[in-house]
1. Here are some residues: D72, D113, D92. Which one is touching a His at 6+ places or on another chain (Cβ under 8 Å), among the acidic types (D, E) and closer than 25 Å to D12 by Cβ?
2. Which residue, of A65, A89, is under 17 Å from K23 (Cα atoms), in contact (Cβ under 8 Å) with a residue 40 or more places away in the chain and surrounded by 15 or more Cβ atoms within 10 Å (Cβ to Cβ)?
3. Against the definition (without any contact (Cβ under 8 Å) to a residue 12 or more places away in the chain and charged (D, E, K, R)), how does K102 come out, yes or no?
4. Could you list, in sequence order, the residues of the stretch 16-39 that are touching a residue at least 12 places away in the same chain (Cβ under 8 Å), surrounded by fewer than 22 Cβ atoms within 10 Å (Cβ to Cβ) and β-branched (V, I, T)?
5. In the stretch 105-129, what count of residues is obtained for those that are over 22 Å from F48 (Cα atoms) and either exposed (fewer than 15 other Cβ atoms within 10 Å of the Cβ) or under 13 Å from the mean Cα position of the chain (by Cα) (or both)?
Amino acid sequence: MTTNPRIQASFDSQSMMATLGAKLVETGNGTATIAAPILPGSRQQQGFGHAGLTFSIGDSAAGYAALTLIPDDQEVVTAEIKINLLAPATGDRLIARGRVIKPGRRLIVVASDVYAETDGKERHIASLMGTMMPVDL
């Protein structure tokens, strides 16, 4: 598993990801993977992982996938993103796999899929699709 040092530094500066216990697992050319445990503090009233956890790591995985394709003097921000929740977030942890659908200078179309993992077995629980916007540092 490898991560780009620039992207790892950006990820490490996100207090939200630290609060969720999330880790940047891997980055590639137009891809990024983030994993987070389903902690007691990130559950909803029925005991499932909260949709906010699912959305947060899905959004970040898509954003970091976009960041792999832009110049070092830029970052990205989410312009818009949509989520389809497919199943309850039950299990030990969530894994979000982000990817770039279409790169661009002004807008980058991205997607991510989130999986709930239990004992090494994954179940697809959400799909996100959105747009990232490069911004100068």
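1. D113
2. Values: A89 fails: under 17 Å from K23 (Cα atoms).
Result: A65 is the single residue among A65, A89 that is under 17 Å from K23 (Cα atoms), in contact (Cβ under 8 Å) with a residue 40 or more places away in the chain and surrounded by 15 or more Cβ atoms within 10 Å (Cβ to Cβ).
3. Values: without any contact (Cβ under 8 Å) to a residue 12 or more places away in the chain: yes; charged (D, E, K, R): yes.
Yes: the conditions hold for K102.
4. Quick first cut of the stretch 16-39, residues touching a residue at least 12 places away in the same chain (Cβ under 8 Å) only: 16-17, 20-39.
Those left that are additionally surrounded by fewer than 22 Cβ atoms within 10 Å (Cβ to Cβ): 16-17, 21, 23, 25-26, 28-31, 35, 37, 39.
Once the filter is applied, which keeps residues that are touching a residue at least 12 places away in the same chain (Cβ under 8 Å), surrounded by fewer than 22 Cβ atoms within 10 Å (Cβ to Cβ) and β-branched (V, I, T), the stretch 16-39 yields V25, T31.
5. From the stretch 105-129, those over 22 Å from F48 (Cα atoms) are 105-111, 129; that's our starting set.
Pick out the ones that are also either exposed (fewer than 15 other Cβ atoms within 10 Å of the Cβ) or under 13 Å from the mean Cα position of the chain (by Cα) (or both) and you get 105-106, 110-111, 129.
Matching residues across the stretch 105-129 total 5.
Every read-out reported here was derived from the displayed coordinates using simple, explicitly stated rules and does not represent laboratory data. Note that this is a predicted model, so its numbers are computed, not measured. Cβ sites come from the backbone with ideal geometry, for glycine too, and all protein chains shown count toward neighbours.
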